[in-house]
1. Tell me whether segment 31-41 contains one or more residues that are open to solvent by 90 Å² or more (accessible area, probe 1.4 Å), within 16 Å of the ligand (Cβ to nearest atom) and of a type outside the set (Gly, Ala, Ser).
2. Give the residue that is surrounded by the most Cβ atoms within 10 Å (Cβ to Cβ), with candidates limited to residues of segment 77-93 that are under 23 Å from residue 28 (Cβ atoms) and within 16 Å of the ligand (Cβ to nearest atom).
3. So, of the residues in segment 67-76 that are more than 8 Å from the ligand (Cβ to nearest atom) and not in a strand (DSSP E or B), which turns out to be surrounded by the most Cβ atoms within 10 Å (Cβ to Cβ)?
4. Given 60, 91, 79, which one is in contact (Cβ under 8 Å) with a residue 12 or more places away in the chain and assigned to a loop (DSSP other than H, G, I, E, B)?
5. Taking into account only those residues within segment 100-112 that are within 16 Å of the ligand (Cβ to nearest atom) and assigned to a loop (DSSP other than H, G, I, E, B), which is most open to solvent (accessible area, probe 1.4 Å)?
6. Being more than 20 Å from residue 104 (Cα to Cα) and either open to solvent by 100 Å² or more (accessible area, probe 1.4 Å) or of a type in the set (Val, Ile, Thr) (or both) is the filter here; which residues of segment 47-62 pass it?
Amino acid sequence: MRAIILLFVLTISLYCADGDHLVVGNVADRVVLADHATAEYNAFPFMKRVKYYFFSSPDNKKIQGIQVLDNLHSKASVNITAGGVGHSFVNLRMKSERGKGLSYDIGIYVSPDFQ
Ligand SMILES: *[C@@H]1O[C@H](CO)[C@@H](O)[C@H](O)[C@H]1NC(C)=O
């Protein structure tokens, strides 16, 4: 059952990788923002810029949702390379369009304490 859920989440994240944004899991209902970060890189001629983001829950809470928004609405892409929804950590890999900068708004959501 766990494996099926993981596969499902993985499939969704691969589908979302085509667009500007990556939104998986629950990011609205009864969850709290555990981390909010911005990943930015200046443009570099003819180069794709690659940036990594890592989150690890300090109190070992499971991640409920992940929202990564492309501020530039470019052809940049973002993938989960490790962890994710259902884990207490996540690794994101972001890649800009060739010759373009990178600007992603990252939100990591976990269960509230009272659950
Ligand atoms: C994310 O995965 C897709 C499909 O495997 C790939 O085309 C894309 O380059 C990857 N993006 C990053 C930032 O790793």
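1. Checked segment 31-41: at least one residue is open to solvent by 90 Å² or more (accessible area, probe 1.4 Å), within 16 Å of the ligand (Cβ to nearest atom) and of a type outside the set (Gly, Ala, Ser).
2. 78
3. Checking each candidate, the answer is 72.
4. After ruling out the rest, the residue left standing is 60.
5. 100
6. Those that are more than 20 Å from residue 104 (Cα to Cα) and either open to solvent by 100 Å² or more (accessible area, probe 1.4 Å) or of a type in the set (Val, Ile, Thr) (or both): 58, 60, 62.
The values are calculated or read from the model by the stated rules, or taken from the named source; none is laboratory data. Since the structure is predicted, the reported quantities are computational estimates derived from the model, not experimental observations. Using ideal geometry, Cβ is built from the backbone for each residue, glycine included, and neighbour counts are taken over all protein chains shown. We work out accessible area using only protein heavy atoms, side chains counted, and drop any ligands, DNA or RNA first. Shrake-Rupley method; radii C 1.70, N 1.55, O 1.52, S 1.80 Å.
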